[in-house]
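Here is the structure we will look at.
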Amino acid sequence: MFKKILIANRGEIACRVIRACRELKIATVAVYSEADGDALHVRMADEAFLIGPPPSSESYLRWEKIIDIAKRAGAEAIHPGYGFLSENAEFVRQVEAEGIKFIGPPPEAMEGMGGKMSARRIAIEAGVPVVPGTTEALTSFEEAKEVAASFGYPIMLKASAGGGGKGMRLVVDEGDLQNALEAAQSEAQASFGDNAVYIEKAVVRPRHIEIQVFSDTHGNHVHLGERECSIQRRHQKVIEECPSPINSPELRQKMGECAVMVAKAVNYVGAGTVEFLVSDLDRSFYFLEMNTRLQVEHPVTELVTGIDLVREQIRVAWGGKLSFTQEDISWEGHSIECRVYAEDPDNNFLPSPGKITRLRLPQGPGIRDDGGVYEGSEVSIYYDPMISKFAVYARDRLEAIDRMRRALQEYEIGGIKTTLPFFRRIMEDEEFIEGKLDTGFIERFNERKKPPEISEEARDMALIAAALGYSGAKPAASGAGQPISGPSRWALAGRAALHNRI
Ligand code: MV4
């Protein structure tokens, strides 16, 4: 096994990888920017090296410096985490040219899946259903008009190089096509230096469900089931769960087989994720893209399958065979993860950097916190403001929701605003509890939670009712528990006293 690994990342994912290394008795090398001298990953690693100024373009993306440190420190492998250099095929080639193992897929697999059009061609070739559409860049408005008419509106224009919704437009009829095409192309050019845009038929109210795949260098390819990731805000996942509320053994098997077909088609190695859009109407599913990295939301799969994906990544990079076969994998219980961000949910999710003056993590049954901060750490403006991923595990979905509610009450982060209050509200939401999830969930949720436009008289009555302790709230539909609308009064009083707030 490797004796020493360099982690080319920061925050919670660097900490996650260091934890796996420690269990494997592998020494760890951290790299850090000038903004991260006191960061948790630096404290956790056996060694740490400064790589440059705070902006990631001058630190975490400087691959030549990172490779140089790996060589100096004697690291035999580099784990890229997610983001930063994790899907950069050129980086992989440079790492391997120095005789260092890259913990991830071969560069050819990254390139094959790197562009949406190329990924679609590979999936079609493999016999996997893709959303009806084209696989070549549009060359003119006339062509776009013809193609769109042949598929029927609504259609989506998508940038081949796209990600995060950039260069993507929904077009509901021909009248909007020309403007949308020009906008998508210029956005794609500006964001990715590539104006290639193609057409897909739009799937109405889709679910975003992805399949975790794993491959080794001995030709074994397996899947570890699905993650439901429909709850997103501005193309950022917010809550993920496993299994999907619409899961059935048949659907999992069908999607799993398709995901494995994609992995095989690109000679995949390591942990990967195949994304699908799933129609709520008939549960038909379509390949969307493949992420050639370990994903943020991997813990929900780990909790339900019992498999440590990072440990397995390291084993596979070393050249070992997968430690399990497809038949060995089973799914037990239900897991839900909330991404805790240093953002103000009551102010349009404005980033809220600053010092974490208080941190109290939930404890007790069925809890997992993948954090990257500690009490006293600074949340910097330079990087993604996700400070922790918080997951619960229970026997079934309703028990998991009850557990998440309880845990979110225990969870306290002081000094900065976080998305914790937002999650407390979602866990009380009827649509969420019923598992009616699609990519429009957050938007509808925000509409539902908007304070209603009411007369002053009605508002006064409501205020009086509130003061008298009346509540119009319906009990939530959860099986086990009663709805919890925030901490109980004794808890609040106790906490306030503790903090000298009273
Ligand atoms: C779609 C779609 C409907 N039909 N493609 C958004 C980001 C990108 N990864 C794919 N996206 C979508 N592609 C077709 N043909 C709807 C979305 C979409 C979406 C997908 C997943 C999660 C959230 C979303 C929010 C809006 C739109």
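Bear in mind these aren't lab numbers, they're just calculated from the coordinates by the rules spelled out. All figures in this text were calculated on a predicted structure; none of them were measured in a lab. Positions of Cβ are backbone-derived with ideal geometry, glycine not excepted, and every protein chain shown enters the neighbour counts.
Taking the fewest neighbouring Cβ atoms within 10 Å as the starting point, the ordered list for Glu297, Glu412 is Glu412, Glu297. Can you compute the FRET efficiency between Glu327 and Glu64 using 1/(1 + (r/R0)^6), with r the Cβ-Cβ distance and R0 = 60 Å? Round to the nearest 0.05. It comes to 0.85.
Sort Met1, Met261 so that the residue with the fewest other Cβ atoms within 10 Å of its own Cβ comes first and the one with the most comes last.
Values: Met1 10, Met261 19.
Ascending Cβ contact count within 10 Å gives the list Met1, Met261.
Taking every C-alpha pair closer than 8 Å and separated by at least 6 residues, the mean separation divided by the residue count of region 110-224 gives a relative contact order of 25 percent.
What fraction, in whole percent, of alpha-carbon pairs in region 229-336 exceed 16 Å separation? Result: 65 percent of Cα pairs exceed 16 Å.
Could you rank the peptides 104-113, 16-25 by their average count of other C-beta atoms within 10 Å per residue, with the highest value first?
On the way: 104-113: 21.9, 16-25: 18.9.
Descending packing order for the listed peptides: 104-113, 16-25.
Secondary-structure-derived ellipticity at 222 nm for the chain, considering helices only, amounts to -10500 deg cm²/dmol, per-run term -39500 (n - 2.57) for DSSP H runs with n ≥ 4.
Length, then width, then depth: along the principal axes, the Cα atoms of region 22-122 run 45, 30, 25 Å.
Evaluate the charge dipole of region 66-110 about its Cα centre and quote only its size in Debye, nearest 20, assuming +1 on the Cβ of each Lys and Arg and -1 on the Cβ of each Asp and Glu.
Working: 4 positive and 7 negative charges, 31 e Å.
With only Lys, Arg, Asp and Glu charged at Cβ, the dipole is about 160 debye.
Normalised by the residues of region 268-394, what does the relative contact order come to in percent, with Cα pairs under 8 Å and at least six apart?
Details: 179 pairs, mean separation 27.9, N = 127.
Here the relative contact order equals 22 percent.
The three principal axes of the C-alpha atoms in region 154-306 carry coordinate ranges of 50, 34, 25 Å, sorted with the longest axis first. Summary value for the chain: 13 percent relative contact order, contacts being C-alpha pairs under 8 angstrom separated by 6+ residues. Translational diffusion coefficient of the chain (Stokes-Einstein, Kirkwood radius from Cα pairs, 25 °C, 0.890 mPa s): 101 µm²/s. When the Cα positions of Tyr286, Ile426, Cys258 are compared along the charge dipole of the chain, Ile426 comes out farthest toward the positive end, with charges on each C-beta of Lys, Arg, Asp and Glu. For Tyr341, Tyr153, the sequence from fewest to most other C-beta atoms within 10 Å is Tyr153, Tyr341. In the chain, with Lys and Arg counted as +1 and Asp and Glu as -1 at Cβ, which of these residues, Val392, Gly272, Ala97, has the Cα nearest the positive end of the dipole, that is, farthest along it? Of the listed residues, the answer is Val392.
Placing +1 on each Lys and Arg Cβ and -1 on each Asp and Glu Cβ, with no other charges, gives the chain a dipole about its Cα centre of roughly 1440 debye.
R0 = 30 Å: FRET efficiency of Ile124 with Arg448, Cβ-based, nearest 0.05?
Numbers: r = 39 Å, r/R0 = 1.32.
For R0 = 30 Å, the calculated efficiency reads 0.15.
Using 0.36 nm per residue of separation minus the Cα-Cα distance, give me the extension gain between Ala137 and Lys436 in nm, one decimal. Each step should come with its number before you reach the end.
Working: separation 299, 0.36 × 299 = 107.64 nm, distance 3.51 nm.
Net length gain for the segment: 104.1 nm.
Think of each Lys and Arg Cβ as +1 and each Asp and Glu Cβ as -1; about the Cα centre, that makes the dipole of region 150-196 roughly 200 debye.
For a protection proxy built on the mean count of beta-carbon atoms within 10 angstrom, sort 133-146, 313-326 highest first, please.
Values: 133-146: 15.0, 313-326: 17.1.
Most protected by this proxy first, the peptides run 313-326, 133-146.
Estimated from the Cβ-Cβ distance and a Förster radius of 45 angstrom, the FRET efficiency linking Leu50 and Glu174 is about 0.20.
Inter-label distance, Ala190 to Asn348: 1.7 nm, where each label sits 7 Å from its Cα along the C-beta direction. The convex hull drawn around the Cα atoms of region 292-404, when projected onto a plane and averaged over every direction, covers 9.6 nm². What percent antiparallel are the DSSP beta bridges of the chain, to the nearest 5? So the antiparallel bridges in the chain amount to around 80 percent. Each residue, Glu375 and Asp280, gets one label point 7 Å from its Cα in the Cβ direction; the gap between the two is 4.2 nm.
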